[in-house]
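Peer 1: Mind looking over this structure? Questions follow.
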Amino acid sequence: GEDVEQSLFLSVREGDSSVINCTYTDSSSTYLYWYKQEPGAGLQLLTYIFSNMDMKQDQRLTVLLNKKDKHLSLRIADTQTGDSAIYFCAETDQGGKLIFGQGTELSVKP
Amino acid sequence: DTAVSQTPKYLVTQMGNDKSIKCEQNLGHDTMYWYKQDSKKFLKIMFSYNNKELIINETVPNRFSPKSPDKAHLNLHINSLELGDSAVYFCASSQLAKQGTNEKLFFGSGTQLSVL
């Protein structure tokens, strides 16, 4: 079945870049997504990439997609303490249903 | 105005009780969902409704019964609560989901259910 995997934790210092990685299995996913969950809140869509793109940049966020290796990454430049959250990678299965990874908890130390 | 609102935010109850969680969205979306997030933060879809009709029903015990009185509301009723039901339950909504379209979900802030 479809599977999305991420590492569970990442710790960085304020001002550094953060890179969160994800691997997925369903190559039919037209879009791939990054959602952010702050403590005590629901998930919010952070950014997404169309599957025929290699890269998408949105201010401090850069999404890289390697479709051959089924690898997605999210780079956050100049990471701030407000970026501390759980980041979920997601793909859609053949029925259009979102499949989430288990989330990467990003901790930003001052 | 909150786009997707769910109540209550916290729910503490005894095993065996019956409880409901309500969800409303004011985005005009056709599709609504219930997700369960366990203690390890793993997020799994439970149900999806499109315009009041059930379209996704994952392997969920039949003690869980969703009800959609109209397309802006999707409530979740749970009978005979068990310890393992303790989790955070998220409601979400999106435009009509078609394969290959951009599935942007809007989530509520969650209901933390604790079964004692």
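The values are calculated or read from the model by the stated rules, or taken from the named source; none is laboratory data. This is a predicted model, so every value here is computed, not measured. Neighbour counts run over all protein chains shown; Cβ positions are idealised from the backbone, glycine included. When the accessible area is computed, the model is the full protein with side chains, heavy atoms only, and any ligands, DNA or RNA have been set aside. Shrake-Rupley method; radii C 1.70, N 1.55, O 1.52, S 1.80 Å.
Peer 1: Kindly provide the set of residues from the range B:45-58 that are within 12 Å of another protein chain (Cβ to nearest Cβ) and loosely packed, with under 15 Cβ neighbours inside 10 Å, ordered by number.
Peer 2: B:57, B:58
Peer 1: Kindly evaluate residue B:62 against the criterion of being open to solvent by 40 Å² or more (accessible area, probe 1.4 Å), under 13 Å from the mean Cα position of the chain (by Cα), on the phi < 0 side of the Ramachandran plot and not hydrophobic (A, V, I, L, M, F, W, C). Show your work before the answer.
Peer 2: On the way: open to solvent by 40 Å² or more (accessible area, probe 1.4 Å): yes; under 13 Å from the mean Cα position of the chain (by Cα): no; on the phi < 0 side of the Ramachandran plot: yes; not hydrophobic (A, V, I, L, M, F, W, C): yes.
So residue B:62 fails the test.
Peer 1: Being aliphatic (A, V, I, L, M) and under 14 Å from residue A:74 (Cα atoms) is the filter; apply it to the range A:86-101 and report the residue that is surrounded by the most Cβ atoms within 10 Å (Cβ to Cβ).
Peer 2: Ranking the candidates gives A:90 first.
Peer 1: Within the range B:29-83, track down each residue that is more than 21 Å from residue A:94 (Cβ to Cβ), in contact (Cβ under 8 Å) with a residue 60 or more places away in the chain and assigned to a strand (DSSP E or B).
Peer 2: B:32, B:37, B:78
Peer 1: Out of B:99, B:112, I need the residue that is in a strand (DSSP E or B) and either modelled with pLDDT under 90 or open to solvent by 40 Å² or more (accessible area, probe 1.4 Å) (or both). Which one?
Peer 2: B:112
Peer 1: Also: For the range B:8-28, enumerate the residues that are part of a strand (DSSP E or B) and loosely packed, with under 13 Cβ neighbours inside 10 Å. First the steps, then the outcome.
Peer 2: Residues of the range B:8-28 part of a strand (DSSP E or B): B:10-13, B:19-25.
B:10, B:12 - these are the residues of the range B:8-28 that are part of a strand (DSSP E or B) and loosely packed, with under 13 Cβ neighbours inside 10 Å.
Peer 1: Looking only at the range A:89-110, count how many residues are under 10 Å from the mean Cα position of the chain (by Cα) and of a type in the set (Val, Ile, Thr).
Peer 2: Residues meeting the conditions: 1.
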